[in-house]
1. Lysines within cross-link reach of Lys113: Cα-Cα under 18 Å, excluding same-chain residues under 8 positions apart?
2. Please name which of Phe32, Ala232, Ala492 has its Cα lying farthest along the dipole of the chain towards the positive end, using unit charges on Cβ (Lys, Arg +1; Asp, Glu -1) and the Cα centre as origin.
3. Report the Cα centroid-to-centroid distance between the stretch 359-381 and the stretch 167-214 in angstrom, as an integer.
4. In debye, nearest 20, what is the charge dipole magnitude of the stretch 534-580 about its Cα centre with +1 on Lys and Arg Cβ and -1 on Asp and Glu Cβ, if you could check?
5. So, by mean Cβ neighbours within 10 angstrom, what's the order for 496-505, 62-71 with the highest one leading?
6. Rank by packing, highest mean first: peptides 592-605, 565-578, with packing defined as the count of other Cβ atoms within 10 Å averaged across residues.
7. Could you check how many percent of all C-alpha pairs in the chain are farther apart than 38 Å?
8. Using the eigenvalues of the Cα gyration tensor, what equivalent ellipsoid semi-axes result for the stretch 393-472 when each is taken as the square root of five times the eigenvalue, whole Å, largest first?
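The values are calculated or read from the model by the stated rules, or taken from the named source; none is laboratory data. None of these values were measured; they are calculated from a predicted model. Backbone-built Cβ (ideal geometry, glycine too); neighbour counts: all protein chains shown. SASA here: full protein model, heavy atoms, side chains in, ligands and nucleic acids out. Shrake-Rupley method; radii C 1.70, N 1.55, O 1.52, S 1.80 Å.
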Amino acid sequence: MQGTTEKHEFQAEIAQLLDLVVHSLYTDKEIFIRELISNAADASEKLRFLKASGGEISDPDAELKITVSTDETARTITIADAGIGMTHDELIGNLGTIAHSGSKTFLEQIRQKAADGKVDATLIGQFGVGFYSAFMVAEKVVVFSRSHLPGEQGWIWTSDGRAGYEIEPATDLPRGTKVVVHLKDTEFAQEWKVQGVIKRYSNFVQFPIELNGKAVNTVQAIWTRNKSEVKAEEYDEFYKYIAHDPGAPAYRLHFTADAPLAIRALLFVPAKSTELAMMRRDEEHHVDLYCKKVLIAAKAKGLFPDWLRFLRGVVDSEDLPLNISRETMQDSALLAKLRDVLANRFLKFLDEEAKADAEKYSSFFREHGHCLKEGAGTEWGDRRDAIAKLLRFETSALDAGKLTSLADYTSRMPPGQKEIYYVSAATRESAEASPYYEVFREKKWEVLFLSDARDEYVLEHLREFDGRKLVSAEKADVKLEEDTTGLDTDTARLLANFVKETLGDRVGEVRTSKRLASSPALALNGDSEITANMRRMMKAMNRDADLPPAPKPDLELNPGHPLVMNLEKLRHADPALAAQIAEQIHDQSLAAANLLDDPRAMLGRMTALLEKLAVKK
Ligand code: ADP
Ligand code: MG
């Protein structure tokens, strides 16, 4: 067949990935067996589905089983299936390129982890590039494949994982795929070794697996078994198998329902969020949809709302028609019903878990909370209220790092407090130092500290919780008890007029404050709709052009503060100096509220003031 061999280069990302796989992954090498068997099972599932839904396939009678063989002398391990196989172009597309979006970011991340020495071989299976794990142990991989499409011929794909790969035609191949891994050493060419690896999870594979001619597994769908008969380790192994995750899951929910739909579901929450680890949104879903143990859709979109995309697992419903296609999945009324039942059941489960073990729930929330926030920010009605109960925030009432629910917050509210308050700031420290927080600290009223950019959107969307308004501290109308030691009302009003005249239209309104304890003045964003924090976020996203111009902040003076009281005296004795000090108070209050756009203008005014004071002495 010389002369018909085509040479191809790997896509740049694959070449980089292979370089990492070969040079940086030393642990968990055995996972390559699991990845190749999982590919064989996927291909067999697809074929079974095509057959069940009446598609045209070649060799319709070929048995759907997975055969593994080892050869110590030849130093090979071979994994073969009778699944859908690959055409010439599919071999190029599937084994020569990374299809999923964000592959660059993904590579960046593993490269970073590899540099830190923390890279973990299982990562590559989690991100849909499991096939390449074979190159951890291989000096050469040869893939024989013939597509299920009638009339397609067979092909041989060969690569050493370095330069690129070759493709040549092959005759007489059965339908499906055979992967021959030529090993660097004999470890995985030993039958007992391979058997140990396969045994652990093979019972979850939906097809018989044979190793050197002997059956290894009993095929059983774990989700169809009775809950009381499944051991915790079996659940964990199943999770590891489907999620390509080496660790145990954070939560597991195995349930059956009969009405309104017959459902058997086995759902898992990973202990670690892949979105947080990869710093990108996961566009895929990870729950497979079955009908009576036949896979209808892998990673079925539309089965759960997007904000539950962190779930892994299986849903099996007898009520679904077998011929439901991926396209009709989205808009079928049956699916919408299924989605509702599943989401509500899962929310109820989370609520129970949160009550049973708050600590554990907080850990869950740190990993996946951003998804629930997305749900709270996009859902309406009862669903939204159910999610609101599951949200957690940092709060002034608890130590840093501890989280509260809104229900716990309201249970701590003193009799005089009617609303729920929050301060948005990048860190807890800056929230505690915020001038808006001052009045609450004095009154000993609890304030939620929001440091996640999403929180403010979510709380704006919720508007209230359990009948109590959610109010930004910036906009809160909260007063301290009357203080009689400061300037009297009339004098304070005259001073406010003086300050307003001095600042002109650089300030909104100037008035006396009833909410300040230790600061001389407070700049208040006069905008009733958009908080300063949101403006900053929109600006960061280059979307501030969509917003109406920000009104000038108002200024509130603390009539009991010594600086303000002295300013009142100074404005009669030295009006020019008093005006300069008023400017400085204004600048500082803007800076404290993070509303100062250009600090350089402030520095100029400050220098002028210091010059004057230095001369005075
Ligand atoms: P993933 O399985 O997560 O998609 P892999 O790197 O394991 O990622 O496999 C890449 C692709 O190669 C698969 O999506 C599939 O299209 C194709 N593939 C791999 N192994 C087989 C096989 N045994 N039969 C058919 N197609 C396969
Ligand atoms: Mg795979």
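1. Hits, sequence-local ones excluded: Lys29, Lys104, Lys272.
2. It is Ala492, whose Cα lies furthest towards the positive end.
3. 41 Å
4. Working: 7 positive and 6 negative charges, 41 e Å.
About 200 debye.
5. Working: 496-505: 15.6, 62-71: 18.7.
The packing order, highest mean first, is 62-71, 496-505.
6. Values: 592-605: 13.1, 565-578: 15.0.
Ranked by mean Cβ neighbours within 10 Å, highest first: 565-578, 592-605.
7. Details: 92642 of 190036 pairs.
Result for the distance tail: 49 percent.
8. On the way: eigenvalues 58, 47, 28 Å².
The three semi-axes for the stretch 393-472 are 17, 15, 12 Å.
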